[in-house]
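**Q** Input: one structure, supplied below.
Any read-out appearing in this document is the output of simple, stated calculations on the displayed coordinates, not a laboratory observation. Every value quoted in this text rests on a predicted model; they were computed, and no experiment measured them. Using ideal geometry, Cβ is built from the backbone for each residue, glycine included, and neighbour counts are taken over all protein chains shown.
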């Protein structure tokens, strides 16, 4: 490009291009982005105090992760759907029907579990493709298509399973859902904390080191391109906090029964999908479609294809969640996945997704899912009734979205 | 006649970090049409929002006196109660409700909570007669064109016993005929004693209709002048603070070989079966040439451009596109971009930008693959590219991470242009690139267009502003009712001549 700065022409008084784009607006953007993490920290702190520290006990941390893993997997798919401006109400039923498929293949037909897993994921993908076709190419709102899907796939589950559950599942699947990594290198003593698994600790240290290196490289690259970055103390502070949180969780897990396999799976998924949404062309196109579908179309984005594949992806992740849930219960159950869609959607919105689409982060959805998991877990630890848990979760969802709308309005009012 | 119906004194309004209005005084006389002129960002809309109570009392400093009484509006309902009604640029009608329902929306003709439909429709019919709209009150608003919808808005204002009618850019979306009708209507309302305040960028219109003109610049009142004896150049010099010898940058065209030829291009309407939008159009563009496409609203300019741009609009498209001597098929926007064709839309907010995203991601939206290797985007390179455009296109924003929705119209347009220039096209189709942006930004855009042509690109410049076409283009096609009615070199083009061609062979509008 050879367009030089425009210096010719009538002198235009330097007009303020964007009233309020500095100052308070920046602040509220930051508040909007980091509010969720602060809220998460406060909620954990609250329940830690209320439970006298039981909240952060090794076994409890492990429980929170294992008990919420399938919701978190669904939340990853759901945030993509919501960023694109759609919704998926059928994921609970898809969890059930794919769990049933896995059960039939693994238990009834004694199929080798890796093959059965792959077939189940493909079935999930086909279910996603079915819904994606109606939404993207036929033009029916996702709300309707997936509401229908919610009924269709539940009906299919009942047809396959009748009123019985199928089990037990192969050990490998149960290990993926419920099991822990082996202590290949034995334990090391951590002084007053007692023994902890060396492999888990090493993985933790490597993960933190990788994280620090990646952040540092990203920061230096930005500086090379003379972009604005966080001041060094803030940058280091953020990294130290993140590393401390990760190491704390790892140490606690290493003291209990090593790393849950689902945590490993989740870590891989979060990393992969964060990269996808931030860096991949496909990921960027999701935001473009959700932000302004006409502008995306006229910029050469294949909008229909993007929406279609997002639903395919949701189907595959639902199938993965279906297998993990079935493995955890050790049976494929006709009522499996009931209301999972609500938890996944709530996770996405608590995690900062916008109702209109175009906004959201994978890590936000995970945090949103964990917030609900911690509320569930913490309230049951202090002996609250399930209706009270529901009440609190509903209030948190409303408060989170209200906060989002409020910050947006404040930002908008400065125009 | 000389009594002031409205006095606004010392109005100041600040947003965080910016003074939008600073000590503005304005006096509107009873029964006059008062125009407010100023660049985008001069504070016109903010002033009208203060007046109509969108910004309630206490949100601003200063005093408002209406009909001799001080006013402290808490909201729009307060100001409407006093007879001040504002009609915004984006019309506020409910598409699926009838004309009558829209007119009395929030103000229903009801008896004990039940709507009296006979009274509603009869009253609506009477109001429609007053605004000269010959439509059945039960017709859904969605079936009306923009011009008629505007009249429904005015009928709605009349139903509220309006004394002071404020119109924000009322003719921006109207064709000349509808504009003329609207202006006539405003004159009629003035004769009935209704005072009008009109905000407009179309200075010829302002001069044609206004009794007095107030010019705002940078949130301050510059002057109020009687329209008699005023000229466009005088208004412009008040708006930008200096005399404008030439509104167009000088340009010596370096015209090269033919690059794009469109032959026998026909487009049918996707919504109305059998309606032909473009009929057998032939166009030719050369490297380094800026070619104008002149046509009134509804002539099929946008439809022609978008159908060429990978069939982004229309059905039953036929004809040939020949680029660099070879026939090409453009079945999708992707193919059009790949073949070096870019189309910058006339409606940047709806079709051009992702307003919730930052400048960076908007600039890269169409050319993202150029920044990616194996599907992964290099976001540092993206930042560099966007920042390059921010500087070279003079996009006024603190950084490329600024949200595009917060930028002024001119800066948004520069983002749209950056997006398309980044795809490195051979042919740029620019659809009304200067619509709704201020004079200074227009000049910058003209300069950019000239540079693009000098780089050897062909530019198809669509506009309904004749001076702009004459000032910028090397050659001008005229389009009327879907047909190319003329091709005029710059040297031979006159406003009158073009207008004659632009209205040639037109059927009488419905």
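**Q** Do me a favour and compute the ellipsoid semi-axes for chain B from its Cα gyration tensor, root of five times each eigenvalue, largest one first, whole Å.
**A** For chain B, the ellipsoid semi-axes come out as 40, 28, 23 Å.
**Q** By average Cβ neighbour count within 10 Å, what is the ranking of B:121-129, A:388-396 from highest down?
**A** Result, highest mean Cβ count within 10 Å first: B:121-129, A:388-396.
**Q** What nm distance separates the two modelled labels at residue A:188 and residue B:23, each placed 7 Å from Cα along Cα→Cβ?
**A** 7.2 nm
**Q** So for each of A:152-161, A:219-228 I average, over its residues, the number of other beta carbons within 10 Å; can you give me the resulting order with the highest mean first?
**A** So the order, starting with the most tightly packed, is A:152-161, A:219-228.
**Q** May I pose another question? Rounded, prolate or oblate: pick one for the range A:133-250, where a ≥ b ≥ c are the square roots of the eigenvalues of its C-alpha gyration tensor, a/c under 1.5 means rounded, and failing that, prolate if a/b is larger than b/c, else oblate.
**A** Details: a/c = 3.80, a/b = 1.36, b/c = 2.79.
Oblate is the answer for the range A:133-250, as a/c is 1.5 or above yet b/c matches or exceeds a/b.
**Q** Then there's this: Per 5 Å bin, what is the whole-percent P(r) computed from every C-alpha pair distance within the range B:350-424?
**A** 3, 19, 32, 26, 13, 5, 1, 0
**Q** Here's another thing I want to ask about it. Which one, A:143, A:349, A:235, has the greatest fluctuation when you compute a Gaussian network model over chain A with C-alpha springs under 10 angstrom?
**A** Looking only at A:143, A:349, A:235, the biggest GNM fluctuation is shown by A:235.
**Q** In whole angstrom, how long is each semi-axis of the equivalent ellipsoid of the range A:181-259, when you take the square root of 5 times every eigenvalue of its Cα gyration tensor and sort them from largest down?
**A** 33, 13, 7
**Q** Sort B:67-78, A:327-338, B:354-365 by packing, meaning the average of other beta carbons within 10 Å per residue, with the highest value first.
**A** Numbers: B:67-78: 13.4, A:327-338: 21.7, B:354-365: 25.0.
Packing proxy ranking, top to bottom: B:354-365, A:327-338, B:67-78.
**Q** So the label point goes 7 Å from the Cα of residue B:315 along Cα→C-beta, right? Which residues of the range A:132-162 then have their backbone N under 14 Å from it?
**A** none
**Q** If R₀ is 45 angstrom, what is the calculated FRET efficiency for the pair residue A:67 and residue B:347, using the beta carbon separation as r and rounding to 0.05?
**A** E between residue A:67 and residue B:347, to the nearest 0.05, is 0.35.
**Q** Another question about this same structure. Just to confirm the number: angle between the C-alpha axis of helix B:409-422 and the first principal axis of chain B, 0 to 90 degrees, nearest 10?
**A** 10 degrees
**Q** Could you give the nm distance between label points at residue A:205 and residue B:326, where each point is 7 Å from its Cα heading toward the beta carbon?
**A** Distance between the two pseudo-spin positions: 6.0 nm.
**Q** Based solely on its DSSP helices, what 222 nm [θ] is calculated for chain B when runs of n ≥ 4 H residues each add -39,500 (n - 2.57) and the sum is averaged over all residues, nearest 500 deg cm²/dmol?
**A** Details: 16 runs with 158 residues, N = 510.
Taking each H run of at least 4 residues, the total per residue is -9000 deg cm²/dmol.
**Q** Hey, got the average number of other protein chain Cβ atoms within 10 angstrom for residues in A:352-362?
**A** Across A:352-362, the average partner-chain Cβ count within 10 Å equals 1.
**Q** Nearest 5 is fine: what % of DSSP beta bridges in the protein assembly as shown come out antiparallel, could you say?
**A** Around 60 percent of the beta bridges assigned by DSSP in the protein assembly as shown are antiparallel ones.
**Q** Follow-up question, since we're still on this one. What's the angle, to the nearest 10 degrees (0 to 90), between helix B:176-191's Cα axis and the longest principal axis of chain B?
**A** 10 degrees
**Q** For the range B:446-510, place one equal point scatterer on every Cα, skip the solvent, and apply the Debye formula. What is log10 of I(q)/I(0) at q = 0.21, 0.24, 0.28, 0.29 Å⁻¹?
**A** -0.86, -1.04, -1.26, -1.31
**Q** Assuming R0 = 25 Å, can you tell me the calculated FRET efficiency for the pair residue B:381 and residue B:338, based on Cβ-Cβ distance, to the nearest 0.05?
**A** Working: r = 20 Å, r/R0 = 0.82.
Efficiency, from the Cβ-Cβ distance: 0.75.
**Q** I would also like to ask the following. D for the protein assembly as shown, whole µm²/s, Stokes-Einstein with Kirkwood Rh over alpha-carbon pairs at 4 °C and 1.567 mPa s: what number?
**A** Value of D from the Cα-based Kirkwood radius: 42 µm²/s.
**Q** With each pseudo-label sitting 7 Å past Cα toward Cβ, what's the residue B:82-residue B:255 distance in nm, one decimal?
**A** About 5.9 nm, to one decimal.
**Q** Right, here's the next one. Choose one answer from A:99, A:237, A:352: the residue with the largest mean-square fluctuation in a GNM of chain A with alpha-carbon springs under 10 Å.
**A** For chain A, modelled as a Gaussian network with Cα springs under 10 Å, the answer is A:237.
**Q** Going by a ≥ b ≥ c, the root eigenvalues of the Cα gyration tensor, does the range B:389-495 fall in the rounded group (a/c under 1.5), the prolate group (a/b larger than b/c) or the oblate group?
**A** prolate
**Q** Oh, and also: Work out the mean other chain Cβ neighbour count within 10 Å for the residues of B:443-453 and drop it here as an integer.
**A** Neighbouring Cβ atoms belonging to other protein chains average 3 per residue here.
**Q** Sort the range B:1-158 into rounded, prolate or oblate with this rule: let a ≥ b ≥ c be the square roots of the eigenvalues of the Cα gyration tensor; rounded if a/c is under 1.5, and if a/c is not under 1.5, prolate when a/b is larger than b/c, oblate otherwise.
**A** Judged from the Cα gyration tensor, the range B:1-158 comes out prolate (a/c at least 1.5, a/b above b/c).
**Q** Using a Förster distance of 51 Å, how high is the FRET efficiency between residue A:122 and residue B:126, based on the Cβ-Cβ distance and rounded to 0.05?
**A** 0.15
**Q** When you take every Cα atom in the range B:313-358, what is the radius of gyration, and what is Dmax, the widest Cα pair distance, in Å?
**A** Radius of gyration, then largest Cα-Cα span, for the range B:313-358: 13.8, 41 Å.
**Q** Right, another one. When you look at the Cβ of every residue in B:395-405, what mean number of other chain Cβ atoms sits within 10 Å?
**A** Mean shielding count: 4.
**Q** When the scattering of chain A is computed by the Debye formula from its Cα atoms alone, each counted once and equally, what is log10 I(q)/I(0) at q = 0.10, 0.11, 0.13 Å⁻¹?
**A** Reported log10 I(q)/I(0), two decimals: -0.76, -0.91, -1.25.
**Q** Against the longest principal axis of chain B, how steep is helix B:439-454, in degrees 0 to 90 to the nearest 10, with axes from Cα atoms?
**A** Compared with the principal axis, the helix lies near 10 degrees.
**Q** Still on this structure, I have one more. If I take the Cα coordinates of the range B:119-206 and project them onto the principal axes, what are the three extents in Å, biggest first?
**A** 40, 28, 16
**Q** Summing -39500 (n - 2.57) over the DSSP H runs of n ≥ 4 in chain A and dividing by its residue number, what mean residue ellipticity at 222 nm do you reach, to the nearest 500 deg cm²/dmol?
**A** Helices in chain A give a 222 nm mean residue ellipticity of -23500 deg cm²/dmol.
**Q** So what's the gap between the Cα centers of the range B:86-137 and the range A:337-352, to the nearest angstrom?
**A** The two parts, judged by their Cα centres, are 43 Å apart.
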